[in-house]
Structure formats: structure tokens, C-alpha cells
């Protein structure tokens, strides 16, 4: 088991952001985390990464309690792509992706392994063509791909991404989901928050549905996205459409 | 792109960086030598250089007691301010951050003035820099809080204006209470910065304190690189963001405090130098901190030479020259930043 969340709770002041969530993230699977705005999706990822202190429960990573992990070793094990991330100086793309190798590097020049990881990550994210361009010369979608390559370059065995599909065109959204799947095939435990339910349903092995900080459903997409859950959590229902795109209508 | 391309790109980049560092070092040394050789007393270079070693005669006295401290302090002050500017810009991911603009130098100046004009500096030679560093620390601590709350460019510069004006007002207040009749006229010296009439005693404290401060700043390069991706991503990359912030704050306070105790409030060096060096070394903070120290040393030495060529009578102050160059540059930077999204 890659990551085990054991009854975790997080409190923001008086407001509970997560209440008693338990889940297990397995190696080789893509887990989609869905829920309305403010359901606690980002907080769940941050809590599992140790970026958010818990008011209750424990997190285990690769069989070891999160608190027992040295900071550097944990950074090599878990890669995280925060929501709406930016590289705030107009650096060349290649150097931004190289930042993903920081947990593996000291002060010196990047090793051959670092360079290969960067080139590979850029290639996989379809960003090799603009490897030498500067971040400020790219579109929002291209920057999003570069930042995703940054997270991939780490080569960690757990990969968390918060809303990686935002800003991407439909073709690159699908490519992103393929990438996540490919990453999972290498044995990585992937967890990703998504707003697009069809994307989540089609490309995730497992789905966690959050509402108001509680875990409402946890299982294969067909179970987790049952009509009753959709109605209860999102107040929507499947709508028949002639394009077969998997449309929804508001309830 | 394949791996060979990547490695070629990086190798080429590295050696070019090393060349530029060497060029900056030569430039700084050249200006320092010029600063040593040019002065009110017109001695030939050979007399001054032999005098520096032997210490004999009038030339020896001038070389060892006046010219050497002045040239050395120009290098130390420049390195301290250039390095502090690069680190602050890295921490705030903001090209407008700098010890002068953020009010750190003005607060250090206040500390120095309090130590000097209330007779505290006379007790031990370390009191003056200690007070200047304490003043700088207060301003830097406010910056720490600002960076923790994720303050943007505007908030940072406005806070700098407030801190700077407050420190300047308190400096004026302190001087008006002082028993020294020349205090008010000397205030100008503190507010604009000068390397006039410095002695080797000033070098004795400024050098080690700046070295420790700059060492702390240099150690933050990797962390500041990570912070360019934002705090969350930096933490997930294993960077202890609180430690990086703390080191920048203490390092800037030590380096800027020591520089200000020796030369008064010299502004804009930390603003101009990193910006000029970015096209040569790239945007990554880790690549800029050390070159900015050398660049700052070159710039302050050059300014010191320039002001003695413009006004050999010694009436022109160092801070006037750096502000004449730096302030229009600051405005230009703001205009440019406003145009970019």
C-alpha cells in the first residue's frame, strides 16, 4: 500500500475541512478525487503530503508514519503538483522542469540522470519542442504541461496532482489522463483531483467522492459515480445526448 | 530534444557563467585598484603600492590608513548590498525587492546613528555594527512577516516606503536630541552614504560580519530556486521554507547592517546589480547570488571612483551617485513590470 489515510481530520479554525476520512492509495492505480468546490479535495492531498497538520488520524506512506519520514526522503518519494502553480520568474522551460529534480540534487551541476529525467518528462508531456523557450513566452496550457513535466521529472513513487486538467485543451486533457495511466503502469500510486466527471469516470481506476470534508463514496467509477451520489453531492443527473459525450444536467 | 542536446546546452551554459564570474571579479578588482590609486593627495602609483607594503613615509601612511580602507570597504559594502538584493529578490520573487527600497538600510542607519550619537559606539568597536544590524533585523523581520503572508510587489514596496520613512524620521529625531552640534549635518552622511574618512577599524568589523551574512545568503540558493514554483511546491520538494526565509532575513540583516554601519545608507545597488546580471546568468536565484556580490562590489567601487573624478574635493557622497543611477532605473523597472501581465 502506497499511502494509507487513517481516519484523518483537519480543522480550519472552527470549520472542519476534513472529518474522519480513511482511504488507501494503491501502487499502480489512478485515483480520482472529486467533489464540489470546498469539499476538501486539496486539503486531502495536502494532508497526505504532510503539508497540512492534522487535528486527528494518521497518514502512512510506504508503511511508515508520515512524521517518521525525513524531509528529503519524503520529497523523493512523493511528487506534488499544486493547483494553478506557476514558475514566477521567466525561466527557460528546461530549468523549470529541472527544479523537479531538486530532491535528488545537491548544490552541483545536474547529473546525467537528472538531465535524462528532464528530457524524458518534457517528451512525455509533449513539451520537448519548447524546452528552450521561456515560460513567459508560452500559453497557459503549455505552461501547465511544463509544470506537470516538473512533477513527473521527480520520478517519485507517489504522484499527487491538484486540478492538472484545468487550462488544458480537450486533446491535452486526454493526453494527461493517458500520462497518468502510464505513470501508474510503472507502479506509481497516482491521485488526482478533477472537476470533469466524464474524464474521471473514464480514466480513473478508483474514485473518491468528497462532500463537506466527508468521504461519501469510494470505489470503482461505476459505483462511486452512481446516480444517487451524483444527485446528492453535485445535484446533477445524467442527461441523454445525441453526441454520446456523457452530458449532465442540473437538478 | 534528446539527452545529448540537453547536456551540451547545460555544459555550455555553465562555462559561460564561469567566464562571466571571472570577468566580474576582474572588474571589481580593477575598480578597487583605481579607487586605491585616485585621491586628493597626488602620489604616483608606484609610491602608493610600495607604501602599502612598507607603510613608510607619507605615501605609506595614506596608502595604509586612507586608501586601503576606502577601497576595501567599497568592495565589502558593494558585495553585501548586491548579495542582499539578489537574495531578497529571490525570496519575494520580485525584481523590486532590495535592502534600500524595502527600508532595511534606513533602519540599519537608524541603529548606527543611535549607537554613534549617544556615545554607545565609543565603548567597543562592535557596538556600532551591532546596533546597525539590530536596526536592519527589525525591518527584515517585518519583511519576513510580509513574505509569509504572500505579499505582492505593491505591498512590499509600500511597506518599504513606510519602514524607510519611519526609520528616517526616527534618525532625525535621534540626531536632534544628540549633544553633538554637527549632528544634523552628519545626518546627511548617514542617509546618503559615504566612504569618506573610514579607517581599518571599520574594515575589521565590516568584513567578518558581511562574510557571515553573505555565507548565509549563499546557502539559501537551492531553497530560493524551489520557491520560484511557489511555497507549496517548494515544500513538496523537501525545502524547509521557514528556514530559507529565516536565513535570508538574518543574512540580509548581517550584511546590510555591517555595510550601513561602515558606509551609511547606500541604496539601489541591490536593485540594479541582480537585474543587470540576469541576462548573463539566468533567472534562478541560486545562479545570481554570488555574481551579484561581485557585481555589487564592482558597482560601488566604480561609483567611488566616479565621484572622486567628478568632485575631487570630496563633497559628493557615494549614495548620491548610486541613487542617481538607481532611482531612474527603479522607475523604469516599475513601468516595465506594469506592462507585463
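The values are calculated or read from the model by the stated rules, or taken from the named source; none is laboratory data. Keep in mind that what you see is a predicted model, and the values were worked out from it rather than measured. FYI the Cβ positions are ideal-geometry reconstructions off the backbone, even for glycines, and counts take in every protein chain you see.
Is the stretch B:7-14 home to any residue that is away from chain A (no Cβ under 14 Å), touching a helix residue (DSSP H, G or I) at 6+ places or on another chain (Cβ under 6 Å), in a helix (DSSP H, G or I) and modelled with pLDDT under 95?
Taking every residue of the stretch B:7-14 in turn, none turns out to be away from chain A (no Cβ under 14 Å), touching a helix residue (DSSP H, G or I) at 6+ places or on another chain (Cβ under 6 Å), in a helix (DSSP H, G or I) and modelled with pLDDT under 95.
Assess whether residue B:86 counts as being at pLDDT 95 or above, part of a helix (DSSP H, G or I), within 14 Å of chain A (Cβ to nearest Cβ) and within 30 Å of residue B:246 (Cβ to Cβ).
Yes.
Determine the pairs where a residue that is more than 18 Å from residue A:105 (Cα to Cα), located within the stretch A:64-75, has a partner that is loosely packed, with under 15 Cβ neighbours inside 10 Å with Cβ atoms under 9 Å apart, the partner being 6 or more residues away or on another chain.
Pairs found: A:65/A:58; A:66/A:58; A:67/A:58.
Suppose we filter the stretch B:211-233 for residues that are within 14 Å of another protein chain (Cβ to nearest Cβ) and surrounded by fewer than 24 Cβ atoms within 10 Å (Cβ to Cβ); how many remain?
Residues flagged as within 14 Å of another protein chain (Cβ to nearest Cβ) and surrounded by fewer than 24 Cβ atoms within 10 Å (Cβ to Cβ) within the stretch B:211-233 amount to 9.
Residue B:96: closer than 30 Å to residue A:109 by Cβ, at pLDDT 85 or above and buried (at least 16 other Cβ atoms within 10 Å of the Cβ), yes or no?
no
Residues to consider are A:122, A:180, A:138; find the one that is surrounded by 22 or more Cβ atoms within 10 Å (Cβ to Cβ), farther than 21 Å from residue B:222 by Cα and without any contact (Cβ under 8 Å) to a residue 60 or more places away in the chain.
A:122
Given the criteria modelled with pLDDT of 90 or more, in contact with a helix residue (DSSP H, G or I) (Cβ under 7 Å, 6 or more places away or on another chain), surrounded by 24 or more Cβ atoms within 10 Å (Cβ to Cβ) and farther than 19 Å from residue B:207 by Cα, does residue B:132 qualify?
It is false that residue B:132 is modelled with pLDDT of 90 or more, in contact with a helix residue (DSSP H, G or I) (Cβ under 7 Å, 6 or more places away or on another chain), surrounded by 24 or more Cβ atoms within 10 Å (Cβ to Cβ) and farther than 19 Å from residue B:207 by Cα.
Taking residue A:147, is it surrounded by fewer than 19 Cβ atoms within 10 Å (Cβ to Cβ) and either facing chain B (nearest Cβ under 10 Å) or part of a helix (DSSP H, G or I) (or both)?
No; evaluated as a whole, the condition is false for this residue.
Inside the stretch A:16-120, counting only helices (runs of 4 or more DSSP H) that do not spill past its ends, which hold 2 or more residues that are touching a strand residue (DSSP E or B) at 6+ places or on another chain (Cβ under 9 Å) and within 9 Å of chain B (Cβ to nearest Cβ)?
Per the criteria, A:41-49.
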